[in-house]
């Protein structure tokens with residue numbers, strides 16, 4: 001790709017060079033015709049004589065000789081420490097006696113991704129997947145959230161007064177079903193996370209997705225007690241849904257719904273100080289509608305979850 005300030009594209013360079021080489025134009029005449037310097041016209045004509053059409057592309061700006069480049073032994077030490085200890089450029093630089101920027105360039109040169117993009121256990125890049133159609137896989141999880149006592153909690157009253165006003169507030173159990181392909185989310189605030197409660201939530205979530213024209217084929221949950229009981233398995237059979245479970249100690253497998261709960265906390269639960277749990281719940285209705293129908297989702301290239309559903313019924317403004 002030509003530099004943004006280059007006077008000629010690759011096609012323009014080829015036309016200039018052919019005028020000089022094939023049609024016999026003087027170099028200065030071709031330079032005036034294409035509004036470039038004499039030396040530029042001569043350079044592209046020379047490359048065309050030597051390399052043909054392939055010579056019209058930009059060349060790498062890397063120098064032919066790099067006498068100050070880091071030695072191969074140091075590069076190997078950086079790569080070995082990265083593999084064995086999974087540390088970043090700053091700590092690699094301290095161990096290898098080089099600058100952090102040098103360690104960073106070595107990692108980039110060898111195609112090693114940032115640690116944030118790697119799975120911490122094996123140290124390999126995170127393998128992301130996405131189901132090809134709505135309903136093929138729905139992620140389900142529960143997020144515990146402290147309820148707000150009437151009058152407000154510590155975010156409204158301050159920590160000391162908030163503690164005194166917290167007695168008996170209890171917990172909210174936010175059950176969420178998130179479609180893997182569309183990222184559409186269905187969430188309920190329930191009193192607990194027992195097997196009957198989880199089974200009832202699945203039945204209502206299935207009906208909600210069905211109202212949008214989505215049939216749930218599989219559900220993925222962690223290995224919590226409620227999802228291992230016969231109540232859950234029987235409900236899945238009654239709804240013709242295949243249950244799936246994550247590997248033990250591997251919450252990343254259910255990462256999409258985990259990430260949704262983080263978004264839910266940042267953009268709704270902790271977005272502003274609420275004076276009661278009821279006030280926060282009233283705000284949730286508008287927020288979940290915004291998330292499903294209007295909020296651009298970076299995980300699906302800036303689309304909204306609802307835009308990935310074919311022939312979605314209903315209008316939302």
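The values are calculated or read from the model by the stated rules, or taken from the named source; none is laboratory data. Please read all numbers here as calculations on a predicted model, not as lab measurements. Cβ: placed from backbone, ideal geometry, glycine included. Neighbour counts: every protein chain shown.
Counting residues that are at pLDDT 95 or above and under 14 Å from residue 135 (Cβ atoms), which helices (runs of 4 or more DSSP H) fully inside region 149-224 reach at least 3? So that I can check it myself, show each step before the final result.
Working: elements: 154-157, 159-164, 195-211.
Once the helices (runs of 4 or more DSSP H) in region 149-224 are filtered for at least 3 residues that are at pLDDT 95 or above and under 14 Å from residue 135 (Cβ atoms), what remains is 195-211.
Matching residues to (1) touching a strand residue (DSSP E or B) at 6+ places or on another chain (Cβ under 6 Å); (2) over 22 Å from residue 108 (Cα atoms); (3) in the same structural domain as residue 106 (by TED's automatic domain parsing):
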position: 30; (1), (2), (3): no, yes, no
position: 37; (1), (2), (3): no, yes, no
position: 64; (1), (2), (3): no, no, no
position: 78; (1), (2), (3): no, no, yes
position: 87; (1), (2), (3): no, no, yes
position: 94; (1), (2), (3): no, no, yes
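Can you find a residue that is touching a residue at least 12 places away in the same chain (Cβ under 8 Å), touching a strand residue (DSSP E or B) at 6+ places or on another chain (Cβ under 8 Å), in a helix (DSSP H, G or I) and buried (at least 17 other Cβ atoms within 10 Å of the Cβ) anywhere in region 297-305? Checked against the condition, which is being touching a residue at least 12 places away in the same chain (Cβ under 8 Å), touching a strand residue (DSSP E or B) at 6+ places or on another chain (Cβ under 8 Å), in a helix (DSSP H, G or I) and buried (at least 17 other Cβ atoms within 10 Å of the Cβ), region 297-305 yields at least one hit.
In region 259-296, what residues are assigned to a loop (DSSP other than H, G, I, E, B) and closer than 22 Å to residue 190 by Cβ?
Residues of region 259-296 that are assigned to a loop (DSSP other than H, G, I, E, B), as a first pass: 270-276, 294-296.
Hits for region 259-296 are 270, 271, 274, 276.
Okay, residues lined up against (1) free of Cβ contacts under 8 Å to residues at least 40 places away in the same chain; (2) out of contact with any strand residue (DSSP E or B) (no Cβ under 6 Å at 6 or more places or on another chain):
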{"residue": "210", "(1), (2)": "yes, yes"}
{"residue": "216", "(1), (2)": "no, no"}
{"residue": "233", "(1), (2)": "yes, yes"}
{"residue": "236", "(1), (2)": "yes, no"}
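If you check residue 240 against the conditions, is it assigned by TED's automatic domain parsing to the domain that holds residue 290 and not in a loop (DSSP other than H, G, I, E, B)? Write out each step before concluding.
Numbers: assigned by TED's automatic domain parsing to the domain that holds residue 290: yes; not in a loop (DSSP other than H, G, I, E, B): no.
No: the conditions fail for residue 240.
Report yes if residue 62 is at pLDDT 90 or above and either assigned to a loop (DSSP other than H, G, I, E, B) or surrounded by 12 or more Cβ atoms within 10 Å (Cβ to Cβ) (or both), otherwise no. Talk me through it step by step, then tell me what you get.
Values: at pLDDT 90 or above: no; either assigned to a loop (DSSP other than H, G, I, E, B) or surrounded by 12 or more Cβ atoms within 10 Å (Cβ to Cβ) (or both): yes.
No, not satisfied.
Which members of region 261-317 meet the condition of being more than 21 Å from the chain's Cα centre (by Cα) and at positive phi? Passing the criteria: 311, 314.
Answer yes or no as to whether residue 251 is surrounded by 12 or more Cβ atoms within 10 Å (Cβ to Cβ) and touching a strand residue (DSSP E or B) at 6+ places or on another chain (Cβ under 8 Å). Give the steps one after another, and end with the answer.
Values: surrounded by 12 or more Cβ atoms within 10 Å (Cβ to Cβ): yes; touching a strand residue (DSSP E or B) at 6+ places or on another chain (Cβ under 8 Å): no.
In short, no.
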